[in-house]
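Novice: To start, I am sharing the structure in question, which I have written as structure tokens.
The values are calculated or read from the model by the stated rules, or taken from the named source; none is laboratory data. Quick caveat, the model's predicted, so the values are computed rather than measured. Don't worry about glycine lacking a Cβ; one is built from the backbone with ideal geometry, like all the others, and counts go over all protein chains shown.
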Amino acid sequence: MNATHVNFEMNRREFFGRFGLGLGGVALAGLLGDTLRAGDSAGGQGLGGILGQPHFPARAKRIIYLFMSGGPSQMDLFDYKPRLNEMHGQDLPASVRMGQRLTGMSANQATLPIAGSPFQFTRHGRSGAWFSELLPWTARMADEMCFVRSMHTEAINHDPAITFLQTGSQIAGRPSMGAWLSYGLGSANENLPAFVVLISKDRIDQPLYARLWGNGFLPSIHQGVQFRNGRDPVLFLKNPDGISGAGRRQMLDRLAELHQAQFEDLGDPEINARVAQYEMAYRMQTSVPDTLDISGEPASVSELYGPAVKTPGTFAANCLLARRMAERNVRFIQLYHPGWDHHGGLPGGIRRQCQDIDQACYGLLTDLKQRGLLDETLVVWGGEFGRTNYCQGKLTRNDFGRDHHPRCFTTWMAGGGVKPGFCYGETDDFGYNIATDPVHVHDLQATVLRTMGIDHERLTYKFQGRYYRLTDVHGTVIQPLLG
């Protein structure tokens with residue numbers, strides 16, 4: 001077997017199973033040259049994915065996931081429940097709770113007083129979707145949005161619940177959704193990672209672990225790359241002091257020659273991958289600053305997102321960056337906006353959070369639509385669970401809090417092949433249990449993958465003797481959500 005044949009066979013078969021690469025190798029699946037590319041097919045499906053091409057015609061080319069970490073209160077934002085206001089202060093009926101478990105934070109309360117929402121609700125758009133007064137900008141996009149009001153999860157605390165949404169398992173260590181998409185479809189831009197993470201600054205009231213955007217047992221080339229606010233948006237990307245760009249280029253060229261000689265001697269694909277790591281980091285030195293430079297954006301565009309867009313690291317600024325990455329065909333763009341864990345002080349806390357995200361969500365959807373990108377970009381918004389209809393702690397005239405509630409919560413999507421101006425599922429009059437059309441976390445994940453043309457049961461990876469997938473052992477595509 002000659003060296004060329006070894007190069008092809010080992011790269012295609014061995015690379016995905018054997019490698020653990022550093023930062024420079026992230027999103028490398030499409031960056032190792034023609035022999036490593038799964039094919040830039042007629043459908044333009046990208047480079048390096050294990051699938052080569054999707055299982056089905058893709059409705060979306062990319063995903064922007066707006067994750068509201070902490071658990072937003074659905075009955076104060078989207079799920080209008082006037083019954084709660086009618087029964088404000090009364091104890092939650094046992095017939096509604098039905099003995100369901102509570103967290104340790106409210107399980108020992110003598111009573112569970114119902115807390116109606118202090119915010120006004122109105123219908124918007126032709127769809128007539130309900131929106132709280134806290135979201136006047138987002139409400140303008142009602143007819144672009146697809147609501148799922150009947151989400152439910154098995155996890156009742158933050159860490160396992162967030163891990164479940166992001167990786168399909170409550171137990172840490174599984175690949176994240178973005179990693180699965182990178183593994184399956186590869187990169188669509190050889191100069192940027194397939195999977196990028198942005199986190200809102202100044203809202204970190206709980207930790208967000210890097211494993212939430214990790215690769216798990218997949219090759220580490222598929223992990224998410226965090227773009228940070230500050231002088232070094234990607235750590236360790238800049239040249240060391242005293243090393244110029246020209247010097248770096250010359251060093252890489254000589255290093256490649258040495259590695260090529262070694263490859264011809266040994267035929268080990270890890271040698272080629274090591275060179276590709278360096279090359280990826282070199283290309284990102286140019287592509288990352290260009291992507292993050294918003295100085296050329298017209299004022300009319302910046303104004304869509306609100307005044308906070310001018311402050312790096314805010315949710316608004318990250319939404320604008322997400323649009324710029326979507327233009328550059330980054331496959332999966334994950335935004336985290338923490339601060340929704342309102343066990344107390346909910347009226348003030350949720351108002352602040354909505355001020356952060358309201359106009360920015362409107363701006364993102366509007367900007368994508370104006371550029372013809374919304375139809376091919378799936379935007380997902382939601383947290384890890386909902387909040388209780390009863391008050392945690394003391395219910396006062398002007399203040400209260402809500403505990404975690406996994407039984408039902410709301411997620412919305414827009415663009416990317418989902419049905420616009422549509423509401424799916426309902427909760428009961430108390431907003432405590434699902435009344436119709438329940439949607440499990442794995443159902444949502446299966447549906448999101450389907451918009452990208454992926455059969456969630458067929459995108460698998462063998463690890464420690466069995467095949468794994470994002471949806472693990474169950475999950476159903478919710479067909480009514482697809483436009």
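Novice: Give the range 377-394 a look and list any residue that's at pLDDT 95 or above and either aliphatic (A, V, I, L, M) or over 21 Å from TYR362 (Cα atoms) (or both), or say none.
Specialist: LEU378, VAL379, VAL380, GLU384, PHE385, GLY386, ARG387, THR388, ASN389, TYR390, CYS391, GLN392
Novice: Provide a single number: the residues in the range 236-250 that are aliphatic (A, V, I, L, M) and either at pLDDT 80 or above or surrounded by 14 or more Cβ atoms within 10 Å (Cβ to Cβ) (or both). Steps first, answer last, please.
Specialist: So in the range 236-250, the residues aliphatic (A, V, I, L, M) come out as 237, 243, 246.
Within this subset, residues satisfying the condition of being either at pLDDT 80 or above or surrounded by 14 or more Cβ atoms within 10 Å (Cβ to Cβ) (or both) are 237, 246.
Qualifying residue count for the region: 2.
Novice: Among the residues in the range 447-457, are any at pLDDT below 95 and within 24 Å of ALA139 (Cα to Cα)? Please lay out each step first, then the result.
Specialist: To start, the set of residues in the range 447-457 that are at pLDDT below 95 comprises none.
No, that holds for no residue.
Novice: Do we have any residue at all in the range 346-356 that's of a type in the set (D, E, K, R) and under 22 Å from LYS61 (Cβ atoms)? Full working, then the answer.
Specialist: Restricting attention to the range 346-356, the residues satisfying the condition of being of a type in the set (D, E, K, R) are 351-352, 356.
Next cut, under 22 Å from LYS61 (Cβ atoms) only: none.
No: zero hits.
Novice: Would you confirm whether or not the range 204-211 contains a residue that is of a type in the set (S, T, N, Q) and within 17 Å of the chain's Cα centre (by Cα)? Let's see the steps before the verdict.
Specialist: Pass one, the range 204-211, residues of a type in the set (S, T, N, Q): 206.
Narrowing the set further to residues that are within 17 Å of the chain's Cα centre (by Cα) leaves none.
No.
Novice: In this structure, does GLY372 turn out to be more than 23 Å from TRP213 (Cα to Cα), in a loop (DSSP other than H, G, I, E, B) and of a type in the set (Gly, Ala, Ser)?
Specialist: On the way: more than 23 Å from TRP213 (Cα to Cα): yes; in a loop (DSSP other than H, G, I, E, B): yes; of a type in the set (Gly, Ala, Ser): yes.
In short, yes.
Novice: Only one of these conditions is not met by VAL301: (1) surrounded by 13 or more Cβ atoms within 10 Å (Cβ to Cβ); (2) under 23 Å from the mean Cα position of the chain (by Cα); (3) at pLDDT 85 or above. Which number is it?
Specialist: Every condition holds for VAL301 apart from (2).
Novice: Here's another thing I want to ask about it. From (1) more than 16 Å from the chain's Cα centre (by Cα); (2) assigned to a loop (DSSP other than H, G, I, E, B), pick out the condition that doesn't hold for GLU384.
Specialist: If we test GLU384 against (1) more than 16 Å from the chain's Cα centre (by Cα); (2) assigned to a loop (DSSP other than H, G, I, E, B), just (1) comes out false.
Novice: What number of residues within the range 313-327 satisfy the criterion of being out of contact with any helix residue (DSSP H, G or I) (no Cβ under 6 Å at 6 or more places or on another chain) and either surrounded by fewer than 16 Cβ atoms within 10 Å (Cβ to Cβ) or without any contact (Cβ under 8 Å) to a residue 60 or more places away in the chain (or both)?
Specialist: The qualifying residues number 1.
Novice: Which one is nearest to the chain's Cα centre (by Cα), of the residues in the range 426-475 that are surrounded by 14 or more Cβ atoms within 10 Å (Cβ to Cβ) and among the polar types (S, T, N, Q)?
Specialist: Among them, the one singled out is GLN445.
Novice: Taking the conditions exactly as written (within 19 Å of GLY382 (Cβ to Cβ) and β-branched (Val, Ile, Thr)), does ILE434 satisfy them or not?
Specialist: Details: within 19 Å of GLY382 (Cβ to Cβ): yes; β-branched (Val, Ile, Thr): yes.
Yes; evaluated as a whole, the condition is true for this residue.
Novice: Let me ask you something else. Being under 18 Å from the mean Cα position of the chain (by Cα), modelled with pLDDT of 85 or more and on the phi > 0 side of the Ramachandran plot narrows it down to one of GLY224, GLY216, so name that one.
Specialist: None of the others qualify; the one that does is GLY216.
Novice: Could you tell me whether ARG397 is among the basic types (Lys, Arg) and assigned to a helix (DSSP H, G or I)? Walk me through it before giving the result.
Specialist: Details: among the basic types (Lys, Arg): yes; assigned to a helix (DSSP H, G or I): no.
For ARG397, the condition - among the basic types (Lys, Arg) and assigned to a helix (DSSP H, G or I) - is not met.
Novice: Step by step: first the residues of the range 64-122, then only those that are crowded, with 21+ Cβ neighbours inside 10 Å and of a type in the set (Val, Ile, Thr), then the one that is nearest to CYS146 (Cα to Cα). Which residue is that?
Specialist: ILE64
Novice: Would you kindly identify the strands (runs of 3 or more DSSP E) lying entirely within the range 56-135 that contain at least 3 residues that are modelled with pLDDT of 95 or more and either more than 30 Å from LEU192 (Cβ to Cβ) or of a type in the set (Phe, Trp, Tyr) (or both)?
Specialist: Numbers: elements: 62-67, 121-124, 129-132.
Per the criteria, 121-124, 129-132.
Novice: Looking only at residues that are assigned to a loop (DSSP other than H, G, I, E, B) and touching a Phe, Trp or Tyr at 6+ places or on another chain (Cβ under 8 Å) in the range 148-159, which one is surrounded by the most Cβ atoms within 10 Å (Cβ to Cβ)? Before the answer, list the steps.
Specialist: Filtering the range 148-159 for residues assigned to a loop (DSSP other than H, G, I, E, B) gives 153-157.
Subsequent filtering for residues that are touching a Phe, Trp or Tyr at 6+ places or on another chain (Cβ under 8 Å) retains 153-156.
Values: THR153: 24, GLU154: 13, ALA155: 18, ILE156: 18.
Per the criteria, the residue is THR153.
Novice: Now a separate question. With the structure loaded, tell me whether ALA172 is closer than 17 Å to HIS442 by Cβ, outside any strand (DSSP E or B) and small (Gly, Ala, Ser) or whether it fails that test. Steps first, please.
Specialist: Details: closer than 17 Å to HIS442 by Cβ: no; outside any strand (DSSP E or B): yes; small (Gly, Ala, Ser): yes.
Taking the combined requirement at face value, the residue does not satisfy it.
Novice: Identify all residues within the range 136-147 that are in a helix (DSSP H, G or I) and within 16 Å of ALA414 (Cα to Cα); write none if there are none.
Specialist: Correct list: TRP137, THR138, ALA139, ALA142, ASP143, GLU144.
Novice: Here is a list: LYS394, LYS419. Which entry is farther than 14 Å from THR153 by Cα and without any contact (Cβ under 8 Å) to a residue 40 or more places away in the chain? Walk me through it before giving the result.
Specialist: Numbers: LYS419 fails: without any contact (Cβ under 8 Å) to a residue 40 or more places away in the chain.
Unique residue meeting the criteria: LYS394.
Novice: Can you tell me which of (1) more than 19 Å from the chain's Cα centre (by Cα); (2) closer than 17 Å to TRP130 by Cα; (3) crowded, with 23+ Cβ neighbours inside 10 Å; (4) not small (Gly, Ala, Ser) is the one ASN389 doesn't meet?
Specialist: Checking ASN389 against (1) more than 19 Å from the chain's Cα centre (by Cα); (2) closer than 17 Å to TRP130 by Cα; (3) crowded, with 23+ Cβ neighbours inside 10 Å; (4) not small (Gly, Ala, Ser), the one that fails is (2).
Novice: Then there's this: Going by what's in this entry, would ILE162 be described as in a strand (DSSP E or B) and modelled with pLDDT of 95 or more? Break it down stepwise before answering.
Specialist: Numbers: in a strand (DSSP E or B): no; modelled with pLDDT of 95 or more: yes.
No.
Novice: Considering only residues of the range 47-102 that are among the β-branched types (Val, Ile, Thr) and over 28 Å from TRP137 (Cβ atoms), which is nearest to the chain's Cα centre (by Cα)?
Specialist: First, the residues of the range 47-102 that are among the β-branched types (Val, Ile, Thr): 50, 63-64, 96.
Pick out the ones that are also over 28 Å from TRP137 (Cβ atoms) and you get 50, 96.
Numbers: ILE50: 21, VAL96: 33 Å.
Across the range 47-102, the extreme among qualifying residues is ILE50.
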